[in-house]
Amino acid sequence: MSIPTLQGLQTALSGLLAEQQALDVTGSNITNANTEGYMRETADLQTNLPITIPATNSITGRGAQLGTGVSVGNIARVRNSYLDAQFRTQNSALSNASTQAEVLSQAQSAFNEPSSAGIASQLSTFWSAWTSLADSPTSEAAKDAVVADGQQLARTFNQLSAQLSTISSQASEQYNSLAGPGGEVENYASQIAQLNHQIKLAEEAGQQPNDMLDRRDLLLDKLSSMANITVTEQPDHTDTVTFGDAAKPLVEGATVNWPQALTEKAGGQLGALLGLTGPKGALTAIQTSLDGVAETLAGTVNEHLSTPFFSGKTAATLAVAVTSAEVRASTGKAAGGNEAALAIAALRGGVAEQDYAGLIGQVGSDVRTAKDDQANLQTTVTAIGDQRQAVSGVSLDEEMTNLITFQRGYQASARTLTAMDQMLETLIEHTGTVGL
């Protein structure tokens with residue numbers, strides 16, 4: 001009798017301990033409900049090994065197995081690795097589109113169209129000045145207006161070119177800040193490598209390092225905004241992380257391989273920055289097109305004059321090369337001629353303006369495309385994030401239900417322990433200590 005009786009105490013005690021641990025896990029979930037990157041945990045309860053009791057029945061001669069209670073076999077994180085991979089893929093694409101939309105919007109704002117300060121309006125004013133000069137070929141005021149309007153137009157080209165160059169330089173500086181020494185990429189990679197080492201040691205010691213695993217997954221999520229990543233879990237529970245189109249993995253165990261060369265195919269924010277500023281990038285194409293408009297403007301105006309009106313062949317170098325006294329409405333020597341002024345005034349709506357309108361249209365189209373991609377990808381990322389949250393996030397309603405369940409289980413085990421204590425007390429009172 002003594003073994004089953006004392007074992008009953010141990011069985012009840014195991015219930016108390018298991019329910020208490022389950023309550024601790026629930027409490028941890030509740031307190032971390034708003035902690036970034038925290039994944040819900042569950043206490044996996046399992047039966048303890050039974051005690052075999054031979055020949056308990058004198059008639060059948062059969063034995064039995066006596067249950068010995070319950071224990072917490074594992075405290076597991078609730079996660080879906082497929083959703084994790086999908087989230088990181090789409091997060092990288094979203095970061096890429098967001099970066100393009102932001103930078104291209106800055107370029108679009110630099111053009112300041114439509115407005116009286118934009119090149120389109122100033123071109124119209126410039127053509128009108130030549131029309132006025134054609135009407136009054138010898139008017140000093142008309143000549144002054146042609147030069148003043150030409151200078152203003154050239155300055156606007158110069159300023160716009162400088163703004164585009166600044167936007168491009170800032171994008172390059174941003175890339176260097178993120179990918180250079182001490183940047184976010186190196187920082188994330190170093191933390192992941194350190195966690196790899198700590199997780200490996202914990203696993204080897206038979207521990208379940210859930211908090212460190214949560215922290216590593218959060219860092220991987222953030223790293224995915226920088227470029228496309230692929231995460232491969234190794235047998236020792238470390239993660240190998242490939243990054244963009246880098247030649248070597250960014251993280252291998254506790255080793256960080258950085259810096260490495262990337263291209264626009266890397267994806268994410270870094271891929272977008274490289275793509276925008278590269279030789280075939282959108283910012284480069286915009287600057288090239290603007291230079292083409294400036295060159296066409298200068299060439300088409302100068303071809304009608306004996307003394308070139310404009311100098312420079314790029315938006316940055318465009319300038320008025322004559323003074324008011326040097327302006328002529330005609331290439332002939334006779335006073336009062338106006339064929340040159342009429343020819344230049346007739347350039348209104350010509351190749352230069354058409355090219356500029358096409359450039360404005362292309363910039364607007366690029367911005368709309370980037371913003372549409374950003375909006376669509378944001379919807380996708382939000383949907384996947386909601387799915388992840390449904391799987392791994394903490395539901396306070398569910399945790400409160402678990403809290404009551406484990407509390408009742410603890411109370412039941414305590415009641416069992418009390419009942420068995422009373423039985424032993426009764427046994428001792430009536431038989432003394434002999435029965436023990």
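Scanning region 309-323 for residues that are under 22 Å from Gly337 (Cβ atoms) and surrounded by 15 or more Cβ atoms within 10 Å (Cβ to Cβ), we see that the one that is farthest from the chain's Cα centre (by Cα) is Val322.
Scanning region 353-408 for residues that are loosely packed, with under 14 Cβ neighbours inside 10 Å, of a type in the set (D, E, K, R) and within 22 Å of the chain's Cα centre (by Cα) yields Arg368, Asp372, Asp386. Considering region 161-181 alone, what residues qualify as being under 16 Å from Ala315 (Cβ atoms), in contact with a Leu (Cβ under 7 Å, 6 or more places away or on another chain) and either of a type in the set (A, V, I, L, M, F, W, C) or without any contact (Cβ under 8 Å) to a residue 40 or more places away in the chain (or both)? Correct list: Leu164, Ile167. For Ser116, the test of being assigned to a loop (DSSP other than H, G, I, E, B), without any contact (Cβ under 8 Å) to a residue 60 or more places away in the chain and out of contact with any Leu (no Cβ under 9 Å at 6 or more places or on another chain) is passed.
Taking the criterion of being open to solvent by less than 30 Å² (accessible area, probe 1.4 Å), part of a loop (DSSP other than H, G, I, E, B) and without any contact (Cβ under 8 Å) to a residue 12 or more places away in the chain, the only residue of region 199-229 that qualifies is Pro209.
Please determine whether any residue of region 120-130 is under 41 Å from the mean Cα position of the chain (by Cα), farther than 30 Å from Thr317 by Cα and touching a residue at least 40 places away in the same chain (Cβ under 8 Å). Within region 120-130, not a single residue is under 41 Å from the mean Cα position of the chain (by Cα), farther than 30 Å from Thr317 by Cα and touching a residue at least 40 places away in the same chain (Cβ under 8 Å).
When Ala18, Ala12 are checked against the criterion of being more than 46 Å from the chain's Cα centre (by Cα), of a type in the set (A, V, I, L, M, F, W, C) and at pLDDT below 90, Ala12 stands alone in meeting it.
Candidates Leu283, Leu276, Leu297: the one that is within 30 Å of Ala142 (Cβ to Cβ) and open to solvent by less than 30 Å² (accessible area, probe 1.4 Å) is Leu297.
Any residue in region 389-416 that's of a type in the set (Ser, Thr, Tyr): show its pairings with residues that are assigned to a helix (DSSP H, G or I) and open to solvent by 70 Å² or more (accessible area, probe 1.4 Å) at Cβ separation under 7 Å, as long as the two are six or more apart or on different chains. Listed pairs, sorted by first residue: Tyr410/Gln20. When the criteria are applied in full, Ser109 meets the requirement of being part of a helix (DSSP H, G or I), free of Cβ contacts under 8 Å to residues at least 12 places away in the same chain, within 30 Å of Val381 (Cβ to Cβ) and of a type in the set (S, T, N, Q).
Counting the residues of region 64-87 that are in contact with a Ser or Thr (Cβ under 6 Å, 6 or more places away or on another chain), free of Cβ contacts under 8 Å to residues at least 60 places away in the same chain and exposed (fewer than 14 other Cβ atoms within 10 Å of the Cβ) gives 2.
Quick check on my filter: what residues within region 272-314 are among the small types (Gly, Ala, Ser) and either in contact with a Gly (Cβ under 8 Å, 6 or more places away or on another chain) or within 30 Å of Ala179 (Cβ to Cβ) (or both)?
Ala272, Gly275, Gly278, Gly281, Ala282, Ala285, Ser289, Ala294, Ala298, listed by residue number.
Given the criterion aliphatic (A, V, I, L, M), part of a helix (DSSP H, G or I) and either in contact with a strand residue (DSSP E or B) (Cβ under 9 Å, 6 or more places away or on another chain) or open to solvent by 60 Å² or more (accessible area, probe 1.4 Å) (or both), identify the matching residue among Ala22, Ala97.
Ala22
Would region 147-161 turn up any residue that is over 23 Å from Asn257 (Cα atoms), over 42 Å from the mean Cα position of the chain (by Cα), hydrophobic (A, V, I, L, M, F, W, C) and part of a helix (DSSP H, G or I)? Scanning region 147-161 turns up at least one residue that is over 23 Å from Asn257 (Cα atoms), over 42 Å from the mean Cα position of the chain (by Cα), hydrophobic (A, V, I, L, M, F, W, C) and part of a helix (DSSP H, G or I).
Ser116: buried (at least 18 other Cβ atoms within 10 Å of the Cβ) and among the polar types (S, T, N, Q), yes or no? Answer is no for this residue.
The rows are residues; the columns are (1) at pLDDT below 90; (2) open to solvent by less than 40 Å² (accessible area, probe 1.4 Å).
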residue	(1), (2)
Ile51	yes, no
Thr89	no, no
Phe126	no, yes
Ser139	no, yes
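Take the residues in region 27-47 that are farther than 15 Å from Phe406 by Cα and open to solvent by 50 Å² or more (accessible area, probe 1.4 Å), then tell me which one is farthest from the chain's Cα centre (by Cα). Per the criteria, the residue is Thr47.
Applying the criterion of being assigned to a helix (DSSP H, G or I) and not small (Gly, Ala, Ser) to the residues of region 128-137, the residue that is surrounded by the fewest Cβ atoms within 10 Å (Cβ to Cβ) is Asp135. How about region 100-109: which of its residues are farther than 20 Å from Gly267 by Cα and surrounded by 19 or more Cβ atoms within 10 Å (Cβ to Cβ)? Of everything in region 100-109, just one residue is farther than 20 Å from Gly267 by Cα and surrounded by 19 or more Cβ atoms within 10 Å (Cβ to Cβ), namely Ala107. When Lys333 is tested against the conditions (1) crowded, with 19+ Cβ neighbours inside 10 Å; (2) under 30 Å from Pro137 (Cβ atoms), the lone failure is (1).
Of the residues making up region 415-436, none is surrounded by 14 or more Cβ atoms within 10 Å (Cβ to Cβ), modelled with pLDDT of 85 or more and within 54 Å of the chain's Cα centre (by Cα).
The values are calculated or read from the model by the stated rules, or taken from the named source; none is laboratory data. In this text the structure is predicted, and so the values were computed from the model without any measurement. Because the Cβ atoms are built from the backbone with ideal geometry, glycine has one as well, and the counts that use them run over all protein chains shown. The area values use the complete protein model at the heavy-atom level, side chains included, leaving out ligands, DNA and RNA. Shrake-Rupley method; radii C 1.70, N 1.55, O 1.52, S 1.80 Å.
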